[in-house]
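**Q** For reference, the structure I am asking about is given below.
The values are calculated or read from the model by the stated rules, or taken from the named source; none is laboratory data. Quick caveat: nothing in here was measured; it's all calculated off a predicted structure. Note: ideal-geometry Cβ built from the backbone for every residue, glycine included; neighbour counts use all protein chains shown.
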Amino acid sequence: MNGITEIRVGHGADNVLDSEGIAELLAEVEAAIARGKPILFKGAAEGRFFCSGFDLAALALLPEKELRKRPAITLCE
């Protein structure tokens with residue numbers, strides 16, 4: 001898509017987003033913002049998509065053990 005930064009989110013059939021994935025996602029979002037481009041989030045696996053509503057920068061600072069407890073990191077159908 002011309003002029004839009006498409007960011008794939010998650011891995012595996014359920015588009016899992018682990019602590020490493022959160023750090024990568026945050027870096028991709030920050031880079032897109034720095035370029036002044038609109039962002040389109042797409043789930044890596046077909047049929048599932050990214051549910052937003054949380055602060056990636058805050059999540060990136062949490063220990064991996066804490067991230068596993070947070071349902072906001074799941075992807076929705």
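**Q** Ile73 - would you say it is at pLDDT 75 or above, among the β-branched types (Val, Ile, Thr) and farther than 25 Å from Gly3 by Cβ?
**A** Here the answer is no, as Ile73 does not meet what is asked.
**Q** Identify the residue in region 11-54 that is at pLDDT below 80 and on the phi > 0 side of the Ramachandran plot and, among all such residues, is surrounded by the most Cβ atoms within 10 Å (Cβ to Cβ).
**A** Looking at residues that are at pLDDT below 80 and on the phi > 0 side of the Ramachandran plot, I get Asn15.
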